[in-house]
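> Sharing a structure, written as structure tokens. Questions coming.
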Amino acid sequence: MTKREPFFWITISCGLVIMAFILLPLIEMMTAPSLAMLKETIKDKNVVQSIWLSIYTAGLAALISFVLGTPLAYLLARTNFRGKRLVEGIIDLPIAIPHPVVGIAILSVAGKTHWVGQVFSELGIRVMGSVTGIVIVLTFVGMPFYLNAARDGFESISPRLEKVSRSLGASMSSTFFRITFPLAWRSMLIGIIMCCARAISEFGAVVIVAYHPMIAPVLIYERFEAYGLKYSQPVAVWLVSICLILFLILRVLTLRKKREA
């Protein structure tokens, strides 16, 4: 039997500490509400509406990221140009800056004092306190996750396949949709799930742009402020359960991708 070196036990110990650090607060929160309270909570119309609004707006943000982000992700994966690292840094910026700052930044552009806000106003588009505002915020914070996953997926596909297709007379768009897109779909799907999951959990930026209508994180915050842990925990349990399902799907897809590689 091979004797384990001390470094092996260090890795195991660090792993256990990290797992406990992540799981302990979540398990405590998930097990705190009784089953009856969970059933009562999910019957609450405001809770169902807020969770549905979270899923609905996060799905729209993921869809917008997919439509607008796929061409840019492909461009970043296939071309080198001056300023590319700067563009990639700008894409990652929403991940790094504090989320209330994101809300303030969006309001500074969408407000009536800015020409963009004036255009929105003339078109009858309301950002402050609206579903549109929520979708804009969620797209802003979720877009980097989709772009990075899709770009990595495109980079993993050999350019030789595309060159062969082009040499046979296929156009660039035909090559993309017939060769590249089918091979990269799993990476794009993972990006969509990550974008969606990130958007569902957003609070700091949304609460500045659109406190109402309430998405689930805002409702949890309001119930915690008004009634304490007892009434905020059941809503949080339902929201965490949905996020957990999304990430389980992500892990399953990632595992299948590694096996196929």
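> With every protein chain left in place, what is the accessible area per residue of the chain in square angstrom, probe 1.4 Å?
61 Å²
> Ok, one more. With just the Cα atoms of the stretch 76-148, tell me how far they stretch along each of the three principal axes, in Å, largest first.
40, 22, 17
> Full extension from Met19 to Glu5: what is 0.36 nm times the residue separation minus their Cα-Cα distance, to one decimal in nm?
Working it through step by step, the gained length comes to 2.9 nm.
> For the stretch 163-243, what is the Kirkwood estimate of the hydrodynamic radius, computed as the reciprocal of the mean inverse distance between distinct Cα atoms, to one decimal in Å?
15.9 Å
> Also, quick follow-up: Cβ under 9 Å from Gly142's Cβ, Gly142 left aside: what net charge do those residues give with Lys, Arg +1 and Asp, Glu -1?
Computed value for this residue: 0.
> Decide, for the stretch 94-245, between rounded, prolate and oblate: order the square roots of the alpha carbon gyration tensor eigenvalues as a ≥ b ≥ c, take rounded if a/c falls under 1.5, and otherwise choose prolate if a/b is larger than b/c, else oblate.
Oblate, because a/c is 1.5 or more while a/b does not exceed b/c.
> Dividing the convex hull volume of the Cα atoms of the chain by its residue count, what figure in Å³ per residue is obtained?
Output value, Cα hull per residue: 207 Å³.
> To continue, here is another question. Nearest 0.05, what FRET efficiency do Ile242 and Ile95 give at R0 = 25 Å with Cβ-Cβ as r?
It comes to 0.70.
> Net charge near Leu168: determine it from the other residues with C-beta under 14 Å of the C-beta of Leu168, scoring Lys and Arg +1 and Asp and Glu -1.
+3
> Classify the stretch 16-139 from the C-alpha gyration tensor, please: rounded if a/c falls under 1.5, else prolate or oblate depending on whether a/b exceeds b/c.
Because a/c hits 1.5 or more and a/b fails to exceed b/c, the stretch 16-139 counts as oblate.
> Calculate, in nm to one decimal, what Val87 and Val131 gain on full extension: separation in residues at 0.36 nm each, minus their alpha carbon distance.
So the chain would gain 13.0 nm between Val87 and Val131.
> If you don't mind, there's one more thing I want to ask. Ignoring ligands, DNA and RNA, please state the percent of accessible area on the stretch 184-241 from carbon and sulfur, probe 1.4 Å.
Summing carbon and sulfur atoms, their accessible area is 68 percent of the total for the stretch 184-241.
> Under the rule a/c < 1.5 gives rounded, and otherwise a/b versus b/c splits prolate from oblate, where does the stretch 1-83 land using the Cα gyration tensor?
Note, shape of the stretch 1-83 comes out oblate.
The values are calculated or read from the model by the stated rules, or taken from the named source; none is laboratory data. Just so you know, these numbers come straight off a predicted model, no measurement behind them. Glycine also receives a Cβ, built like all others from the backbone with ideal geometry; neighbour counts cover every protein chain displayed. SASA here: full protein model, heavy atoms, side chains in, ligands and nucleic acids out. Shrake-Rupley method; radii C 1.70, N 1.55, O 1.52, S 1.80 Å.
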